[in-house]
């Protein structure tokens, strides 16, 4: 047993280390580019960097903010990664996030008389189902009509956001109807604070719990195994008798649910009520988080940490160093480009190496 | 006739295999020169070199005496060499004319004049006895028509030498007849045709000379007139094959699988050229039934129908009182049927996954692999370690990625997995493809052991030695039909070659050998 | 008379609203026909909207703004091409990153150039070029002949690109790359070069659409002003079945949502505006169920091509 474990560590470890090193260097490269950009637009990159780090880790409050920003990213990162593992591209996380938030808000407001021990889990479940159903729509369109999920999920985003806009300004508006927001969610459905004195809430713990579930599902369960096989080799999956269509529906539901949790937790932990805009792009950031994390559970947490820290530190950077906050997103985009490029370059390099080895072997033969 | 093309000492080395071994091949202007050989003989490789898709490892090519080098397919095209591949290079959504005009550099203007080009194409076609509709969308054409488009396309771009790769593999007899008329019209007009085939009748019918390749080397070049079909068969499969039929230890048991009148039509057509044509055979317990024949004559389709991947058009396959033709893949496999697929990379393994994960592929859903929806990786690991050891799979670890193993070891993984499932019926397609001698030996021994334990095995292979060595009975497939069923001890290599080339056993043994030309073939 | 005028007014608005979406759609179309699926039109339009304002402000000419915008678009296009064509990275991911970059970079540079002030900096914008006589035709006169130059360009590009794609040899070659790059390659077409060209030219056309937003429809830059039009353009391409005329009609139908909402408000029917913004997207989904986009899209769309 031990021998197998060490051999597993060796082979998977080596490839993993390669990936990590490459992604890490790419990220650093992008950060340096970001600093250059800050310099180019007339600010001091070093004070910017310092205030960023301060804003992300410099105090208890800062650390709390990082956790706050990290939480939805863990969910959307998992959402994109789960779909990717099945060979699907889920671009609908923004919409699923909002639908989950809406479902959670509704359950949190209108379900009365339950103790927190029941109400909170119920609300979270509602959030998962809300997002899940939204994702399922795209899955069903793909299975039934062959409609590409890349397009349908993007379309569903706007539909969802428009719908939320309508609900918040209409049926669910907080009386007397002056502010475009809903009533606050009942206290029995609100997420308690995780770190006192900060905004960090238990949604973070729930996110980590789901990371474990994510791992269990994909790498320990039979269904997850089927999903991974189909994502890597659809033919082999079919030859093995796997019901690929059913799995597409399941995965889109689960992925949508995860994104829905991102939104739901934002409401229950931070916003407390639904407003028309609760996501500054958490959905699309999930793509980056998943990418950097190479679709793995641990990687996603790291990626979420990085981007969460960016967002948390960015505010402080704007206040202290006067650098426009939006620069943070620029750096995020640069990180995506750099990581993507480096991963492809790594693949090319490995291919080249394999070819060399094969050529040598054939010459010997 | 003068020599128009010379390939001298062409060698092509791929990792682990010498596909062309000092091939010397010369073609005269205006002739039809056939390139005959079995699978893996090196015909396609040689022609891919000629049309610029591959670069030879060594050797020279001379066109009309001049030394030429091709860096791309475009180069070869510009020098007048046009190839019609087995898998057509056409865009289905575009018209015939458009397909012929892609990349066309003729003419000054950038304007796309479909009418004018279509006119030219029509005239070109008619000149050689072909009919095409320039405005037809290629995707709606029949296979035969598509092939015609490919030929016209090559001519349109100035091909003087036309290479046809197994052109009749996808044609009905009438279409084949039409093709031959076309070929004659072309050669009458000083075009040169190189005709790759394994079909002896056709080679005898249409070609002027034939070059036979075997295992990458030229076995001989002859005038067709001086060659009988029997001689061609002998040249193609060779006489030096040494095989020793393995002695039977145990008697054959009851009928395990009974296939009756299995037929598979081509999509969009019910013409007589079916993919599988009224096949009937049985496999007994403890017996190896070999399915022989050149690749592409229905073997893959037969296996797909029996393993639930493709739906047969008619017939039945009775196994354990069920009809396999109506069961899903999962159902079939869960009834003690194992399948070693012909393409390990595409369907046998998941390349980016570890060996452990690959070993779980067929049986992961069973409770023995884990309860309550979870996979028990520990037991899968143990199984994998054992299999790696038992089958001598060369890998640094059980967690190595499948794609990092050599081809031979990859095949061992698939074979190990399928054999270890303890099936009652094992369908093995090309189980030793790409393996070294030791590995081949090992797999053969495994198959024999399985047979001796009462497993019924359907062995599909293009390797005659393998088929002859292991099988208790052999069926040769040609164009989806069974040419005959023989025992290895009761047949000859020559007979096998003839069946693989299109003769039925009946014709061979009862002397009703037809020398009549294709025209007289009953439609 | 009044009714004609009113409808003519709606038509006028619809056409000028449709123009940026049309331009973006046409640019995307060129890329699609080379086999590349670029979802980053939103980002390209944002950066070019800013570039147009910057150019107009600092060079005093709206045409310089357009030029700068197209340059910005070309740079974004080049970035996309390098990653997806040469490095064969996932086109969707790169496109999504392009959107993030476009939004954030335009926001940042906007603050840098114009500061954070309460009043936006207004710039020289395109003027209406009225075509004499024709613009007086009732109903359609104003809509068709009293628009800004970019609108004319946008609609003129429709037959032009149609002609290019379906009636010229380079267009045929381009389409063959998008349908089956291997076939195109064997027939001597340089697949990579074709994809690069299509991306850069296409991005420049998308950029023109962005420029029109900030120096045509409006005369200033506001953060995130593209407001989803890049995605609508994506929808328009699919709804228009990957044909220039189809995209034109799709753009006009999609943008008619604004018009419809005005009409309904006047008529007293209370369909919330938000539902009308959903129309383009719902229509596209419905279209996808009717015709599988795979059936009309270039066959090799979205697949990275590897030589040999």
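Just a few scattered comments:
- Helix-only [θ]222 nm of chain C, DSSP H runs n ≥ 4, -39500 (n - 2.57) each, per residue, nearest 500: -23500 deg cm²/dmol
- Debye intensity ratio I(q)/I(0), log10, region B:255-509, q values 0.07, 0.14, 0.16 Å⁻¹ (C-alpha model): -0.24, -0.95, -1.20
- The listed peptides A:299-306, A:174-181, ordered by packing as a protection proxy, come out as A:299-306, A:174-181 (highest mean of other Cβ atoms within 10 Å first).
- Protection proxy ranking, peptides C:75-82, C:36-43, average beta carbon neighbours within 10 Å, highest first: C:36-43, C:75-82
- Whole-Å distance, taken between Cα centres, linking region B:463-486 and region B:386-450: 23
- Once Rg and the Kirkwood radius are both taken over the C-alpha atoms of region A:12-68, their ratio Rg/Rh works out to 1.14.
- Region A:118-195 and region C:184-217 have Cα centres lying 37 Å from one another.
- With contacts taken as Cα pairs under 8 Å at a separation of at least 6 residues, chain A carries a relative contact order of 33 percent.
- Dividing the summed helix terms, -39500 (n - 2.57) for each DSSP H run of n ≥ 4, by the number of residues in chain B produces a 222 nm estimate of -9000 deg cm²/dmol to the nearest 500.
- Taken along the Cα-to-beta-carbon direction at a fixed 7 Å, the label points for residue A:319 and residue B:323 span 7.7 nm.
- Helix B:407-419 vs. chain B, principal-axis angle (Cα, 0 to 90°, nearest 10): 40
- Helix C:62-81 and the longest principal axis of the Cα set of chain C meet at an angle near 30°.
- Rounded if a/c under 1.5, otherwise prolate or oblate - region B:351-428, Cα gyration tensor axes: oblate
- Computed from the alpha carbon atoms alone, the convex hull of region B:312-458 holds 123 Å³ per residue.
- Taken residue by residue and averaged, Cβ atoms of other chains lying within 10 Å of the Cβ of B:79-91 number 2.
- C-alpha center-to-center spacing [region B:328-381, region A:213-264] in angstrom: 16
- Treating each Cα of the protein assembly as shown as an identical point scatterer and summing with the Debye formula, the log10 of I(q)/I(0) at q = 0.04, 0.08, 0.09 Å⁻¹ comes to -0.27, -1.02, -1.22.
- Only helices enter the 222 nm calculation for chain A: every DSSP H run of n ≥ 4 contributes -39,500 (n - 2.57), and dividing by all residues gives -26500 deg cm²/dmol, rounded to 500.
- Take each residue of peptide B:395-403, count the partner chain Cβ atoms within 10 Å of its Cβ, and average: the result is 4.
- Whether chain B is rounded, prolate or oblate, judged on the alpha carbon gyration tensor where a/c under 1.5 counts as rounded: prolate
- Packing-based ranking of B:367-379, C:170-182, B:322-334 yields C:170-182, B:322-334, B:367-379, ordered from highest to lowest mean Cβ neighbour count within 10 Å.
- Whole-number percent relative contact order across region B:255-509, with pairs defined as alpha carbons under 8 Å at least 6 apart: 27
- At q = 0.17, 0.18, 0.23, 0.24 Å⁻¹ the log10 of I(q)/I(0) for region B:91-157 amounts to -0.53, -0.59, -0.97, -1.05, computed by Debye summation with a single uniform scatterer per C-alpha, solvent ignored.
- For the pair residue B:140 and residue B:71, a Förster radius of 41 Å applied to the C-beta separation gives a FRET efficiency near 0.70, rounded to the nearest 0.05.
- Mean separation of Cα contacts under 8 Å (6+ apart) over length of chain B, as relative contact order %: 15
- Computed over all pairs of different Cα atoms, the Kirkwood value for the hydrodynamic radius of chain A is 21.7 Å.
- Using alpha-carbon coordinates, inclination of helix B:173-188 to the longest axis of chain B, degrees: 40
- Value of Rg/Rh across region C:85-166 [Cα atoms, Kirkwood radius]: 1.16
- Take each residue of peptide C:227-236, count the partner chain Cβ atoms within 10 Å of its Cβ, and average: the result is 2.
- Cα-only radius of gyration and Dmax that characterise region A:17-108, units Å: 17.8, 49
Taken together, the values in this text are just the output of simple stated rules run on the coordinates, not laboratory data. This is a predicted model, so every value here is computed, not measured. No Cβ is skipped: glycine too gets one built from the backbone with ideal geometry, and neighbour counts run over all protein chains shown.
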